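All remarks here apply to the structure that follows.
The values are calculated or read from the model by the stated rules, or taken from the named source; none is laboratory data. This is a predicted model, so every value here is computed, not measured. In this analysis, Cβ positions are derived from the backbone assuming ideal geometry, glycine residues included, and neighbour counts consider all displayed protein chains.
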Ligand code: SF4
């Protein structure tokens, strides 16, 4: 390689390193611009929890130790992507009732042994009714608008939560709760 080419290569490397450093440390805001461009990490939610979260999304309140914080995170940033799944999610995984070895919820296991199977059915039903597949991702605000448009009270009761023992009670308040959740996700809440 000619001496001039070597010098140019060295200069280019030095300039590239400077630019990298400038993006990270420049006080004029390059750093925040770089961070803002980073994609948001998806929140993993099982199908039936999309509906269990309605109250917490609408009101910002929940006594559930692991569902509440996830709902708060979504309310604070409605653009966060939600990845829909069947089975364990970001709410079950840290929950005191989740049996990691068996991959089941132990909360009502003795009284209602069918609950886990029914929850899995509701997960699958919810994702299917939305026209999605397990693993698909959509922003929280868009996802809840989609739920509102596709899941009427009838669809909620007869297709999504048809296997759940609580459906008759839940269906009576469904419309008000989805309305409130969509409204809450129209803008971020701290
Ligand atoms: S483990 Fe059971 S009680 Fe806990 S979040 Fe999951 S379904 Fe709900």
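A compact table of results
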item	result
Pick from segment 68-81, criterion within 16 Å of the ligand (Cβ to nearest atom) and buried (at least 21 other Cβ atoms within 10 Å of the Cβ), ranking: farthest from residue 146 (Cα to Cα)	70
Flag if residue 121 is under 22 Å from residue 39 (Cβ atoms), away from the ligand (no atom under 13 Å from the Cβ) and at pLDDT 95 or above	no
Where a residue in segment 86-97 is more than 16 Å from residue 71 (Cα to Cα) and its partner, wherever it lies, is within 7 Å of the ligand (Cβ to nearest atom), with Cβ under 6 Å and at least six apart	97/105; 97/107
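Per-residue answers, yes or no, for (1) within 14 Å of residue 49 (Cβ to Cβ); (2) surrounded by fewer than 16 Cβ atoms within 10 Å (Cβ to Cβ); (3) away from the ligand (no atom under 11 Å from the Cβ):
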{"residue": "85", "(1), (2), (3)": "yes, no, yes"}
{"residue": "88", "(1), (2), (3)": "yes, no, no"}
{"residue": "92", "(1), (2), (3)": "yes, no, no"}
{"residue": "97", "(1), (2), (3)": "yes, yes, no"}
{"residue": "109", "(1), (2), (3)": "no, yes, no"}
{"residue": "127", "(1), (2), (3)": "yes, no, yes"}
{"residue": "130", "(1), (2), (3)": "yes, no, yes"}
{"residue": "143", "(1), (2), (3)": "yes, no, yes"}
{"residue": "155", "(1), (2), (3)": "no, no, yes"}
